[in-house]
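Student: Before anything else, here's the structure in question.
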Amino acid sequence: MDNDNDTQLRGIGGWLLFFLLTFAVFTPLRATIEALMEIRGSADPDLVTGTWIFLGVYLVFTWAVTAWFVLVRKPSSVWLVIAVMWVEALGGAALLILDGAAGLAAMGSITAFVYPAIWTAYLLKSERVANTYRRGPAIDDAEETFA
């Protein structure tokens, strides 16, 4: 790989930026909407409280991992995000199964694994990710962070 191409495919941009938007914005937004639909009109205070607690923990955890991924430019950050995606997929599938809707649970379990499968492949094969999260000195320049 030549040095000019190495510089072009570096930093958070392109598909890596799109991944971060889906991971930190769109997926949490979808989870929030689904939680609101779940508790809408519910008279069960335990369900409402549990849903808000679960959603809050999920949001804080996801945004903390996203911040780590953006700020800490090491290969371990990539592995952390991959692990979190798969844990979230397993947790989502488990919740569907525990909810008791067998057909929906089977379909939900399958689709829950499509997102992490696609993005895991991207994060492991992408030149931009490899250049941005390679071993070596951390990138401290804020301008280069979002190049």
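Student: Could you check region 5-37 and list, in sequence order, the residues that are farther than 23 Å from Arg73 by Cβ and in contact (Cβ under 8 Å) with a residue 40 or more places away in the chain?
Tutor: Result: no residue meets the conditions.
Student: Within the bounds of region 40-47, is there any residue that is out of contact with any strand residue (DSSP E or B) (no Cβ under 7 Å at 6 or more places or on another chain), surrounded by 13 or more Cβ atoms within 10 Å (Cβ to Cβ) and part of a helix (DSSP H, G or I)? First the steps, then the outcome.
Tutor: At the first step, the residues of region 40-47 found to be out of contact with any strand residue (DSSP E or B) (no Cβ under 7 Å at 6 or more places or on another chain) are 40-47.
Remaining after also requiring surrounded by 13 or more Cβ atoms within 10 Å (Cβ to Cβ): none.
No, region 40-47 contains no residue that is out of contact with any strand residue (DSSP E or B) (no Cβ under 7 Å at 6 or more places or on another chain), surrounded by 13 or more Cβ atoms within 10 Å (Cβ to Cβ) and part of a helix (DSSP H, G or I).
Student: Taking region 48-57 only, how many residues are within 17 Å of the chain's Cα centre (by Cα) and open to solvent by less than 40 Å² (accessible area, probe 1.4 Å)?
Tutor: If we filter region 48-57 for residues that are within 17 Å of the chain's Cα centre (by Cα), which is where we start, we get 54-57.
Filter once more, so that each one left must be open to solvent by less than 40 Å² (accessible area, probe 1.4 Å): 55-56.
Number satisfying all stated conditions: 2.
Student: Sticking with this one: So which residues in region 7-23 are aliphatic (A, V, I, L, M) and not in a helix (DSSP H, G or I)?
Tutor: Leu9, Ile12
Student: On to the next question. Please verify whether Met37 is at pLDDT 85 or above and more than 30 Å from Tyr133 (Cβ to Cβ), treating the condition exactly as stated.
Tutor: Numbers: at pLDDT 85 or above: yes; more than 30 Å from Tyr133 (Cβ to Cβ): yes.
It is true that Met37 is at pLDDT 85 or above and more than 30 Å from Tyr133 (Cβ to Cβ).
Student: If you don't mind, another one. Can you tell me which residue is farthest from the chain's Cα centre (by Cα) among those in region 118-147 that are open to solvent by 50 Å² or more (accessible area, probe 1.4 Å) and at pLDDT 65 or above?
Tutor: Arg135
Student: Out of Phe69, Phe26, report the one residue that is out of contact with any His (no Cβ under 9 Å at 6 or more places or on another chain), at pLDDT 90 or above, open to solvent by less than 90 Å² (accessible area, probe 1.4 Å) and not in a loop (DSSP other than H, G, I, E, B). Walk me through how you get there before you give the answer.
Tutor: Working: Phe26 fails: open to solvent by less than 90 Å² (accessible area, probe 1.4 Å).
Answer to the check: Phe69.
The values are calculated or read from the model by the stated rules, or taken from the named source; none is laboratory data. From a predicted model like this one, the values you see are computed outputs, not experimental measurements. Quick reminder, even Gly has a Cβ in these numbers, built from the backbone with ideal geometry, and neighbours come from all protein chains shown. Ligands, DNA and RNA are excluded from the accessible area calculation, which covers all protein heavy atoms including side chains. Shrake-Rupley method; radii C 1.70, N 1.55, O 1.52, S 1.80 Å.
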